[in-house]
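Reviewing the structure listed below.
The values are calculated or read from the model by the stated rules, or taken from the named source; none is laboratory data. Just so it is clear, the model here is predicted, and its values are computed rather than measured. Every residue, glycine as well, gets a Cβ built from its backbone with ideal geometry; the counts of neighbours run over all protein chains shown. The protein model used for the area step is the full one, side chains on, heavy atoms only, and it has no ligands, DNA or RNA in it. Shrake-Rupley method; radii C 1.70, N 1.55, O 1.52, S 1.80 Å.
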Amino acid sequence: MICHMEVTGLTPEDLFEIRLIGAPVFSPDGEDILVTEQWLDPKENRSRTRLLLCRTADGLIRPFTQGPSDRLPAWSWDSSGIAFLRQVDGKAQIFLMAANGGEPYQATRLRHGVESFCWTLDGAGLILSAPLAGGRLEEGKPPEPAGDFERYTTDVRRVTRLFHKMDGEGFFDETRAALVHMDVASGRLRVLESGDYDCAEPAVSPQGDLVAYTAGRLPDPDRPPGVADIYVLALSGGPPQRLTEGRFEVRQIAWSPDGRMVYFTAADAGDLGYGHTRLYRVSLGGRIEALSQELDRTLEDASGTDIGAPDRAPIVLAGESVYCLGSSEGRVGIYRRDGTGGWSQEVFKDRCIYGFDYHPAQGFAIAYADFRTPSALAISGPAGERLLVQGEMPGRVQDAFTQPQHFRVRAAGGPEVDCWLLLPDAPTEKVPLVLEVHGGPMAMYGMRAHFEFQILRAQGYAVLFSNPRGSQGYLESFCNAIIGQWGDKDYKDVIAAVDGALSRFAQLDPLRLGIAGGSYGGFMVNWAIGHTDRFRAAVTMRSVVNRMSAMGSSDVGFERVAQYGTLWWEDPAPYLQQSPLTYASNMRTPLLIEHQEQDLRLPIEQGEQLFTALKYLGRTVEMLRYPGESHGMSRTGKPWHRVHRLRAIQDWFSRYL
């Protein structure tokens, strides 16, 4: 049971008061911008989205669609039409409408929906990435089972592949995403490519004759599961041409203006998840060039938040310059590569840009967040930056978001680590401190609003967060320093952050320390309370507990073998050494375990093992189980579960800290 404590200022229910502005998309003529607006519906207990149209001349913004689940808008090349995705009976379908308004109409009724799409150059067609069963174009609902056996056994799953499930998506079925052409006028569909692999990220060349896309046509598509090659296919027909060589986890694709090169951002599978996302280009002959090696920053938005808007991080080519998002020391901005190969920070401030587009007559349209602003839309050009709109929320909620104080610490023998501290308003006595640890670990706390942190601050806690070794947004050596060695250098960094805060801010109470974190952050919570008694209360969420069992139960657990260099059943020692469960007998801090029952990244057996061990030992421990939720519940789960979770964190620290 959750106690209802008296809280002034921001409350968990204020999640329902925040509307978020998604990534912008310029019209080809530059006169308008489309964005997705997102908010939470308390009555329906769901997230809702609709499209907004913003006029660039004066910033006038108005609803363009009514929702409730509209996203991924795309303009036709002549600015006359707009396509977007809308959920129908649980599947995303293509809707079309005129750019000057009117009612949208449903253009596809594919049985398994549509994942992504792009326009053809002439505006007469769309290229879809659409899941098909056996490459068949099927519409409407599936036929009724033929008999009782079929009726009552359709829920049985036959598993034949190593990579057979994905958190947030569930268990894979017989469908694979195919490349499909749709004629806009007639609605006729034509399969361009399909197979026992997924085709994704279609992009039509500037000349309109070719489409580039990714496809996992590999000898073993399970190892590693995220790898896909870039292919090019002539829309007039013929076999696809493979451009890359089976080692990239491709993020984004863009054509050069002359149609002779494909630019792409990708992580290298050989980096085991601890490397940068880099920029490359490949010729139609298959010659690959690495373009960002000397930059030593990851070219993606590595920041995390629990109030994130729909994002988009394209590659933009303008003249001899290439623009893409990149993360650096808690900031996310637009990097520019010039014609000589030099790199510079083009649009960078103390904030996180999570989406942008470019038009030569306007400059950059950017969607960004900072510590006090969950979302905003602006235009940044040669004349400066002009704010168009912020995501709606009441003034009292806006005022509750405050700016943290920044400082750096250095553990013995380690590099400098960025830290931020939120302090409650005008404390009259020593205040308790809660350390928050981010997930990943290959991510970063960015300079953007975090609802959970501000909720705790409103309750009277100081909130400390940092980017220890293992985080992105720094040198690659900073991130990969902890491969196969969690709980060593990273643990020293987070403890150094606590010590640094206590030494700098006299209002902090060194005897009232709490710790909280999810996923890898939950690992660090578990690790910390198994190695020190400094923390008086702890909250671990969707956490790593037993690395040995997670190797087989996690959707991608088997990928960790390369980090340890040994099979877990032949040599369990390194897996057990890295498992917080091994140190459960040392844990005496009151612990709240929060876990989701449909978590496939770190299945609920992880939380169950720790709960059972501590309960058996007679320690103070409770467990919250959230049915129907996956690993990302704190960001994308059912709204009232998210509110419940925030209340539970408040309650636990109120009771024990």
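With all protein chains in place and a 1.4 Å probe, the accessible surface of region 501-594 carries 53 percent carbon and sulfur. E31 contributes about 110 Å² of solvent-accessible surface, heavy atoms of the protein only, 1.4 Å probe. Residues of region 293-310 falling in the label zone of R247, defined by backbone nitrogen less than 15 Å from a point 7 Å along Cα to beta-carbon, are 293.
Restricting the calculation to Cα atoms, region 309-411 shows an Rg/Rh of 1.02 when the hydrodynamic-style radius is the Kirkwood one.
Could you check the spin-label model distance between A133 and Q207? Points 7 Å from the Cα along Cα→Cβ, value in nm. Simple spin-label model gives 4.1 nm for this pair.
When the inverse distances between all different Cα atoms of region 120-261 are averaged and flipped, the Kirkwood radius reads 16.9 angstrom.
The Cα-based radius of gyration of region 1-125, divided by its Kirkwood radius, gives an Rg/Rh of 1.08.
Using a 7 Å offset from the Cα along the Cα-to-Cβ direction at both Q66 and L576, what is the distance between the two label points in nm, to one decimal? Label-label distance for Q66 and L576, simple model: 6.3 nm.
Report the antiparallel proportion of the DSSP beta bridges in the chain as a percent, rounded to a multiple of 5. Intermediate results must be reported in sequence, preceding the final value.
Details: 124 of 154 bridges.
Of those bridges, close to 80 percent are antiparallel.
Highest mean packing comes first when the peptides 319-331, 437-449, 587-599 are listed by Cβ atoms within 10 Å, giving 437-449, 587-599, 319-331.
For region 204-343, the ratio of Cα radius of gyration to the globular rule of thumb 2.2 N^0.38 Å stands at 1.07.
Mind checking the per residue accessible area of region 152-204 for me, 1.4 Å probe, whole number of Å²? Spell out each step's value before the answer.
Details: 3190 Å² over 53 residues.
That works out to 60 Å² per residue.
Taking every DSSP beta bridge that has both ends in region 401-542, the antiparallel portion is near 40%.
Shown is the FRET efficiency for D122 and K349, computed with R0 = 51 Å from the Cβ-Cβ distance and rounded to the nearest 0.05: 0.80.
If you wrap the tightest convex hull around every Cα atom of region 239-314 and split its volume per residue, you get 132 Å³.
If you count Lys pairs in the chain whose Cα atoms are under 19 Å apart, skipping same-chain pairs closer than 8 places in sequence, the total is 4.
How big is the chain by the Kirkwood estimate over distinct Cα pairs, in Å? Spell out each step's value before the answer.
Numbers: mean 1/r = 0.0384 Å⁻¹.
Result for the chain stands at 26.0 Å.
On a full-extension model of 0.36 nm per residue, what is the gain between S503 and T160, subtracting their alpha-carbon distance, rounded to one decimal in nm?
Result: 117.9 nm gained on full extension.
In region 95-146, the alpha-carbon atoms span a convex hull of 97 Å³ per residue. The percentage of C-alpha pairs in region 563-629 whose separation is greater than 20 Å is 40%.
Report, to one decimal in Å, the Kirkwood hydrodynamic radius for region 341-494 based on all distinct Cα pairs.
On the way: mean 1/r = 0.0568 Å⁻¹.
Result for region 341-494, one decimal place: 17.6 Å.
Extending 7 Å from Cα along the Cβ direction at E31 and again at E13 yields two label points whose distance is 4.6 nm.
Segment A185..S654, full-extension length gain: 162.7 nm, with 0.36 nm per residue of separation and the alpha-carbon distance subtracted. On a per residue basis, region 271-391 carries 35 Å² of accessible surface, using protein heavy atoms and a 1.4 Å probe.
Start at zero, step by 5 Å, and the Cα-Cα distances of region 58-102 spread as 5, 19, 28, 24, 16, 5, 2, 0 percent across the bins.
An ellipsoid equivalent to region 380-462, defined through the eigenvalues of its Cα gyration tensor, has semi-axes of 26, 22, 13 Å when rounded to whole angstrom and sorted largest first.
To the nearest 0.05, how large is the calculated FRET efficiency for D58 and S80 if R₀ is 30 Å and r is the Cβ-Cβ distance? Calculated value: 0.85.
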